[in-house]
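See structure below.
The values are calculated or read from the model by the stated rules, or taken from the named source; none is laboratory data. Since we're looking at a predicted model, the values are computed, not measured. Positions of Cβ are backbone-derived with ideal geometry, glycine not excepted, and every protein chain shown enters the neighbour counts.
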Amino acid sequence: MSEHDPYGVMHATTIITVRKGDQVVMAGDGQVSLGQTVMKGNARKVRRLGSSKTGGSDVIAGFAGATADAFTLLERLETKLEQYPGQLMRASVELAKDWRTDRYLRRLEAMMLVADSDITLALTGTGDVLEPEHGTMAIGSGGNYAYAAARALMDTDRNAEEIARRAMEIAGDICVYTNGNIVIETMESSAK
C-alpha cells in the first residue's frame, strides 16, 4: 500500500478476445478485488457499444483497470464511434490521441480491448492502438495466462468461443484476481 492509496491497488480482471473463422469473441471474468479482499464476483467488464440502428457497426469492448476510469473511456469511445460510425480504427486512434494528450484523461488507469466484425484492437493510455498478430489478445492481471492458453488452442479445431472460454478457465486457475464467472460477447466476423 502506498501513501496515496491506503487501501492497496485495485486488481481485477482478465479480458481476452479471440478472432477465428467466422467469430470474434470477447470474454472477461467477474472478480473485482481490493488488496486481498474480493469486493465483487460478478462484475460485467465486457459489453457491447454502438448499434447498427445508429448507422454504426456493433462493437464489443472489455476493460481492465479502475472501473470509473474504464467507464469514462467507454463513454469517450462511444462518442468517437458516433463521430466516426463504422470506423473502429479511426475512433480508437482519435480516443488514443485524446487519452495521451488530455490532462484529465492521462490520469486514467485502464486498458481496453475493442472489436467489431472487421478488426480487434487494444487501447492503452500511452497512445497505443495495437492489433493482435495471431487472432487473440488479452489484458489484465491474468491476461498473459489467458493469452498463452488461447495461442496454444488456436491451431485446434475449437471455435473462437470455445478457445476464449477455455483460456479464461486456465487464467482463473492461475491468477488469484480472476474468477470463473465468465461473461462472453460474440459477433460474426467479416473474415469468413
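Points to keep in mind about this one:
- Only one entry of Gly180, Gly142 meets the criterion of being surrounded by fewer than 20 Cβ atoms within 10 Å (Cβ to Cβ) and within 14 Å of Thr13 (Cβ to Cβ), and that entry is Gly180.
- Residue within region 171-188 that is touching a Cys at 6+ places or on another chain (Cβ under 8 Å) and over 17 Å from Lys20 (Cβ atoms) present: no
- Verdict on Ala115 being among the small types (Gly, Ala, Ser) and either at pLDDT 90 or above or within 12 Å of the chain's Cα centre (by Cα) (or both): yes
Matching residues to (1) in contact with a helix residue (DSSP H, G or I) (Cβ under 7 Å, 6 or more places away or on another chain); (2) surrounded by fewer than 16 Cβ atoms within 10 Å (Cβ to Cβ); (3) under 27 Å from Val32 (Cβ atoms); (4) modelled with pLDDT of 95 or more:
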{"site": "Asp98", "(1), (2), (3), (4)": "yes, no, yes, no"}
{"site": "Asp102", "(1), (2), (3), (4)": "no, yes, yes, no"}
{"site": "Met111", "(1), (2), (3), (4)": "no, no, yes, no"}
{"site": "Ala138", "(1), (2), (3), (4)": "yes, no, yes, yes"}
{"site": "Glu161", "(1), (2), (3), (4)": "no, no, yes, yes"}
{"site": "Met168", "(1), (2), (3), (4)": "yes, no, yes, yes"}
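- Within region 62-85, the set of residues being in a helix (DSSP H, G or I) and either crowded, with 19+ Cβ neighbours inside 10 Å or in contact (Cβ under 8 Å) with a residue 12 or more places away in the chain (or both) comprises Thr67, Asp69, Ala70, Thr72, Leu73, Leu74, Arg76, Leu77, Glu78, Lys80, Leu81, Glu82.
- The residues of region 56-79 that are under 18 Å from Ser141 (Cβ atoms) and either touching a Ser or Thr at 6+ places or on another chain (Cβ under 6 Å) or of a type in the set (Val, Ile, Thr) (or both), listed by number, are Ala64, Thr67.
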